[in-house]
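Visitor: Quick one: this structure, given as C-alpha cells, is what I'll be asking you about.
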C-alpha cells in the first residue's frame with residue numbers, strides 16, 4: 001500500500017460521508033475512465049484524472065478515498081500527480097492476475113451496504129461487476145449510486161466556477177483566433193486547426209472543435225473552403241489539466257450574407273438567449289428543452305450539466321430533474337432552416353440563478369460579422 005502526504009480531508013469528502021450515512025451505505029465504489037464525461041467522479045474525489053485504462057476509487061464513511069490501481073506502475077503514476085489530494089491512499093494488488101484488483105476493492109470497501117458508481121449510466125463492465133460481487137462475498141448488499149455522486153458534483157462551488165471561467169477565457173481567445181482566420185481564405189479544417197493550436201498552447205488537454213459553413217450537425221471540419229456569404233458555426237469545448245469543461249459556440253457572417261442565412265442566425269441566437277432564461281433555480285430541466293424544441297428542428301442536443309468534465313445528465317423534453325442554484329449548465333442549441341438545407345448552432349456555459357442563466361461569456365450573444373481582407 002502506498003500513501004500520499006496526510007492533510008485535513010477536503011470538505012467534499014465530508015459531503016460524501018454524509019450522503020453515505022443518509023443513504024445507509026457503508027462505502028462507495030467508483031469507476032472512471034480518462035475520457036470525455038468519464039473521469040469526473042474520480043477527479044472530484046481525488047484530484048487525479050485517470051488514464052484511459054481507468055481506475056477504481058473506494059470511499060468509506062469517515063475515511064479518505066482509496067485509489068485501486070491495477071499495477072504498481074499505475075499506482076506510481078497516480079502518486080506522481082501533483083493534483084492528487086493529500087491523504088488519498090493508493091492500493092495496488094502487486095503481482096498476480098487481474099482478479100487481485102477486485103480483491104483490493106473488497107478490502108477497501110469492507111463488509112456492508114455498497115454503492116456502485118460506474119463511469120456513466122451504462123454501468124460497470126459485466127466482468128468487473130461479477131468479480132467485485134464475488135470478492136465482496138454473499139453478505140454484501142449493492143445499490144446503484146452514480147446519481148448520488150453526480151448530484152454532489154453538481155453543487156455550486158467557488159473553485160469550480162473559477163476553473164470554468166478559466167476554460168471559457170481560453171475558448172474566447174481561440175474564438176478571436178478563428179475570427180482572424182476567417183478574414184482570409186481557408187477551409188473549415190484550417191480554421192479548426194488554428195483554434196486547436198491556440199487551445200493547446202494555452203493549456204487545453206481535452207478539446208473538441210467544430211467549424212461548419214452553412215450546415216452544422218456536430219460533424220468533423222472538412223476541406224470545404226470558407227467563402228464570402230457563408231454563415232459559419234464555430235463550436236469549442238475545452239478543459240485543461242484541472243478537468244473543468246467549458247463550451248462556447250458562435251456564429252460568424254463572412255462578408256455579405258443572404259437574408260435567409262441572417263434569419264437562420266437570428267433564430268439560432270434567439271434560441272440560445274431564450275433557453276438560458278429558463279435556467280432558473282428549482283425549474284425542471286425539461287422546461288429548457290421544451291422552449292428550445294418550439295423554436296425549430298435541432299441538429300444536436302440542447303445541453304447538459306457540466307463542471308468537472310461533462311456530467312452525463314442531458315437536458316431533454318423528458319428531463320424531470322431540478323436545476324440547482326449555482327450549478328453549471330452548457331447549452332448548445334441548433335436550428336435547421338425551414339427548407340432543411342442549412343443549419344447553425346451556438347453554445348455557452350451558464351450558472352443557474354433564480355432569474356435565469358448567468359453566462360460565463362458574452363461572445364455568442366450576437367452574430368459576429370467578418371469582412372474579408374482581400375475584398
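The values are calculated or read from the model by the stated rules, or taken from the named source; none is laboratory data. For clarity, every value in this text was computed on a predicted model and none was experimentally measured. Don't worry about glycine lacking a Cβ; one is built from the backbone with ideal geometry, like all the others, and counts go over all protein chains shown.
Visitor: So residue 185 fits all but one of (1) in the same structural domain as residue 231 (by TED's automatic domain parsing); (2) loosely packed, with under 15 Cβ neighbours inside 10 Å; (3) without any contact (Cβ under 8 Å) to a residue 60 or more places away in the chain; what number is the exception?
Guide: Every listed condition holds for residue 185 apart from (3).
Visitor: Give the residues of the stretch 119-160 that are over 25 Å from residue 353 (Cα atoms) and part of a loop (DSSP other than H, G, I, E, B), sorted by residue number.
Guide: Of everything in the stretch 119-160, those that are over 25 Å from residue 353 (Cα atoms) and part of a loop (DSSP other than H, G, I, E, B) turn out to be 119, 120, 121, 122, 123, 124, 125, 137, 138, 139, 140, 145.
Visitor: I need the full set of residues from the stretch 343-375 which are farther than 29 Å from residue 243 by Cα and surrounded by fewer than 18 Cβ atoms within 10 Å (Cβ to Cβ), in order please.
Guide: Within the stretch 343-375, 369, 371, 372, 373, 374, 375 qualify.
Visitor: Next question, about the same structure. Being without any contact (Cβ under 8 Å) to a residue 40 or more places away in the chain and at positive phi: is that true of residue 100 here?
Guide: It is false that residue 100 is without any contact (Cβ under 8 Å) to a residue 40 or more places away in the chain and at positive phi.
Visitor: Only residues in the stretch 350-375 that are closer than 24 Å to residue 161 by Cβ count as the first member; pair them with residues that are modelled with pLDDT under 95 and surrounded by fewer than 20 Cβ atoms within 10 Å (Cβ to Cβ), Cβ under 8 angstrom, at least 6 apart or cross-chain, and list the lot.
Guide: Note: pairs meeting the criteria are 351/156; 351/161; 359/365.
Visitor: So which residues in the stretch 338-356 are outside any strand (DSSP E or B) and under 14 Å from residue 270 (Cα atoms), if there are any at all?
Guide: Scanning the stretch 338-356 gives a single hit, 346.
Visitor: Only residues that are over 27 Å from residue 174 (Cβ atoms) and buried (at least 19 other Cβ atoms within 10 Å of the Cβ): list them for the stretch 251-290, please.
Guide: Those that are over 27 Å from residue 174 (Cβ atoms) and buried (at least 19 other Cβ atoms within 10 Å of the Cβ): 278, 285, 289.
Visitor: Same structure again: State the number of residues belonging to the stretch 205-222 that are over 21 Å from residue 369 (Cβ atoms) and in contact with a helix residue (DSSP H, G or I) (Cβ under 6 Å, 6 or more places away or on another chain).
Guide: Summing the residues that are over 21 Å from residue 369 (Cβ atoms) and in contact with a helix residue (DSSP H, G or I) (Cβ under 6 Å, 6 or more places away or on another chain) in the stretch 205-222 gives 4.
One line per residue, one yes/no per condition, for (1) over 26 Å from residue 244 (Cα atoms); (2) at pLDDT below 85:
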residue	(1), (2)
98	yes, yes
113	yes, no
122	no, yes
126	yes, yes
146	no, no
157	no, no
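Visitor: Can you tell me which condition residue 294 does not meet? The list is (1) assigned to a helix (DSSP H, G or I); (2) surrounded by 19 or more Cβ atoms within 10 Å (Cβ to Cβ), and all the others hold.
Guide: (2)
Visitor: Has the stretch 275-285 got at least one residue that is in contact with a strand residue (DSSP E or B) (Cβ under 6 Å, 6 or more places away or on another chain), within 20 Å of residue 167 (Cβ to Cβ) and part of a helix (DSSP H, G or I)?
Guide: Yes, the stretch 275-285 has at least one match.
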